[in-house]
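Nothing in this text is a laboratory measurement; each read-out follows from the coordinates by a stated rule. Note that this is a predicted model, so its numbers are computed, not measured. Cβ coordinates were reconstructed from backbone atoms using ideal geometry, including for glycine residues, and neighbour counts include every protein chain displayed.
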Amino acid sequence: MLSDSDIQRALVIAAHPDDIDFSAAGTIALWTDAGIEVIYCLVTDGDAGGFDESLPRAEMAPMRRKEQTAAATVLGVHDLRFLGYPDGMVEPTLALRKDLARVIRQVRPDRVVCPSPERNYQRIGASHPDHRAVGSAALDAVYPDARNPFAFPELLADEGLAPWTVRELWISAGPGADHYVDITDKFDQKVAALRAHESQTGHLDDMEQFLRGWLTRTAERGGLPPGRLAEMFQVLDTS
């Protein structure tokens, strides 16, 4: 696995606003503190989310973009790309693979983070169909699409986007986790980032307690000392 000192830039791909903060906010805070530039790519605007039935649906997408931007700022992230796919209707199509390959070639990251394409029967909430679709398309965009000059050749011919090889892929919230990041010192930032998603978390009075319990169990699973908090990933060498 690459050392963070070997990473200049990381691209985090997610299906919805707030996915990143639930799965990886503490890790991202550690990376930005270490000087890694982090960029977000949100496939949907989360327009099917929220709990306020009186809110016009047309207002949800811009609200969630604003919330995600605020949450990213808490973690030191200032470059966000929104692809605008409809929430709840994402499929791992060639069009999505092309869009993600485009962002990878634009950003040229050393490391990519994405959701798992696998269903997790222990954590069914992590296995939203949009998450799995985005995970599948992201893996295909990392390999082979973004690095292959003959995949979507118009990206090079029409847009001047040269092929790019991602060196490492981190899969979040999947059943194959093999790497645990101690985020104990970044827990408050994770909570603050999630609180920025007011339309999604404003009703969760016990959110901090829930998170602490969840991250404690994750740390225990990863063999960390008692009292530590962790996020988990499956790390793949894609160089």
Over the Cα atoms of segment 49-132, each weighted equally, I'd like the Debye log10 I(q)/I(0) at q = 0.24 Å⁻¹, rounded to two decimals.
-1.39
When the distances between all Cα atoms of the chain are binned every 10 Å from zero, what whole-number percent does each bin get?
8, 32, 39, 17, 3, 0
Which whole-number percentage describes the relative contact order of the chain, with Cα contacts under 8 Å and a sequence gap of 6 or more?
25 percent
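Explain nothing, just the number: dipole magnitude of the chain about its Cα centre with +1 on each Lys and Arg Cβ and -1 on each Asp and Glu Cβ, in debye rounded to the nearest 20.
That gives a dipole near 380 debye.
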Each label sits 7 Å from Cα toward the beta-carbon; between Tyr121 and Lys66 the label points are separated, in nm, by 4.4 nm
Charge dipole of segment 146-239 about the Cα centre (unit charges at C-beta), most positive-ward option of Ala196, Trp170, Gln209
Gln209
Students often forget the sequence filter, so: which lysines lie under 25 Å Cα-Cα from Lys66 once same-chain residues fewer than 8 apart are removed?
Lys186, Lys190
Which values, in whole Å and largest first, are the semi-axes of the equivalent ellipsoid of segment 14-57 obtained as the square root of 5 times each eigenvalue of the Cα gyration tensor?
28, 11, 8
Between Arg108 and Arg221, what's the calculated FRET efficiency when r is the beta-carbon distance and R0 is 30 Å? Round to 0.05.
0.35
Looking at Phe82, Gln234, Ala10, which one has the Cα that reaches farthest to the positive end of the dipole of the chain (charges on Cβ: Lys, Arg +1; Asp, Glu -1)?
Gln234
